[in-house]
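The values are calculated or read from the model by the stated rules, or taken from the named source; none is laboratory data. Values in this document were obtained by computation on a predicted structure and should not be read as measured data. Here the Cβ positions follow ideal geometry from the backbone for every residue, glycine too, while neighbour counts run over all protein chains shown.
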Amino acid sequence: MAAKTKNQVVDSKKQFDAIKKQFETFQILNEKGEVVNEAAMPDLSNDELRELMRRMVYTRILDQRSISLNRQGRLGFYAPTAGQEASQIASHYALEKEDFVLPGYRDVPQLIWHGLPLYQAFLFSRGHFRGNQMPDDVNALSPQIIIGAQFVQTAGVALGIKKRGKKSVAITYTGDGGASQGDFYEGINFAGAYKAPAIFVVQNNRYAISTPVEKQSAAETIAQKAAAAGITGVQVDGMDPLAVYAATREARERAVNGDGPSLIETLCFRYGPHTMAGDDPTKYRTKEIENEWEAKDPLVRFRKFLESKDLWTEEDENKVIDAAKEEIKEAIKKADAEPKQKVTDLISNMYEELPVNLVEQMEIYKEKESK
């Protein structure tokens, strides 16, 4: 029988307490829209601050209209975004046009602001192949449906950027549930080993569909998992657009300067269901939790900040809302006018040369579609 050691080998509590102190939540604006971290304020002009707010308001309206269109049967798959505007839009605002975006299925707004036409975003929701065809000047992949798979893809894209000597980055997004997938660890480990210019954003909205984040991992934060891969990790108040912007911009600068990838955990909340495919958040979230996060609304917080600087008015917001509604109306009309997707389209888009088993089927569907 082996002898017992006299001294404790590891003081787990001391170890975990030390880790916790290294990953405290980064914040610039508190819930009242007040600056609590002046030293970290990003260098944004008044016009840039207004533009960030415009994009966030527009995105909130897009979410509301998309939910309505989904209920009318005019859209297909849709994952609501309200509550995550600061996390999504402010992080994208810190990028450059040449950067490569690899979104998850909730991250269509980033694609739109990166250059994907709105009507094509609607076609993506409908499962139409045109919704997955990125314009030539848009560096992006279609939203990933497989949870976490985009992390491995991002590591590869980032390595390609590095090998080509380009001063750009690859950025990807997933939720807290994605951070529980094997692809998450493989992606950050690979990117770290090669110092690939990647930014991995985990939008911790507290519930992976319905499982609380506390039941997904024993780790105090998701951000601290970066240390195991030897990359920079930071936890950010994901309802604070200035904090999200500053953290992402700094991560981009590190990446293009050859200092490797970063993992950014944004603490946020989705006000709606996981998707419009039947999820009911009242079954796993309390009203108290929802009220707590509604008080942290990123639009309200940023609006208060801008109003204190005389940079935003109710009239400004109404103009954005009216413009968004009109553009959405025109985009859905354009999506409606797109030729319906056919089975032969699916087959021909998948194969340059048809395998033997599909040659006969192709002819059968051609005949059906000609009638």
- If only one of 185, 194 is touching a helix residue (DSSP H, G or I) at 6+ places or on another chain (Cβ under 7 Å) and among the hydroxyl-bearing types (Ser, Thr, Tyr), which one is it? 194
- Say whether the condition of being surrounded by fewer than 19 Cβ atoms within 10 Å (Cβ to Cβ), under 27 Å from residue 79 (Cα atoms) and β-branched (Val, Ile, Thr) is met by at least one residue in region 203-220. yes
- Note on the structure: Within region 158-182, residues among the polar types (S, T, N, Q) and surrounded by 24 or more Cβ atoms within 10 Å (Cβ to Cβ) come out as 172, 174
- Message: Just to be sure before I move on: is residue 38 surrounded by fewer than 13 Cβ atoms within 10 Å (Cβ to Cβ), more than 24 Å from residue 202 (Cα to Cα), touching a Ser or Thr at 6+ places or on another chain (Cβ under 9 Å) and of a type in the set (D, E, K, R) in the structure I sent?
- Response: no
- Query: When you go through (1) more than 27 Å from residue 280 (Cα to Cα); (2) assigned by TED's automatic domain parsing to the domain that holds residue 309 one by one for residue 10, which number turns out not to apply?
  - Reply: (2)
- Message: I'd like to check which helices (runs of 4 or more DSSP H) are fully inside region 311-371 and have at least 1 residues that are under 30 Å from residue 33 (Cα atoms).
- Response: 314-337
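Out of the residues in region 246-269 meeting the condition of being in a helix (DSSP H, G or I), within 18 Å of the chain's Cα centre (by Cα) and of a type in the set (Gly, Ala, Ser), tell me which one is farthest from residue 152 (Cα to Cα).
246
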- Counting only residues in region 275-310 that are among the polar types (S, T, N, Q) and not in a helix (DSSP H, G or I), the one farthest from residue 75 (Cα to Cα) is identified as 286
- Query: Of the residues in region 114-143, how many are over 23 Å from residue 156 (Cα atoms) and assigned to a helix (DSSP H, G or I)?
  - Reply: 11
- With respect to residue 80, is the statement that it is assigned by TED's automatic domain parsing to the domain that holds residue 334, within 17 Å of the chain's Cα centre (by Cα), assigned to a loop (DSSP other than H, G, I, E, B) and over 21 Å from residue 51 (Cβ atoms) true? yes
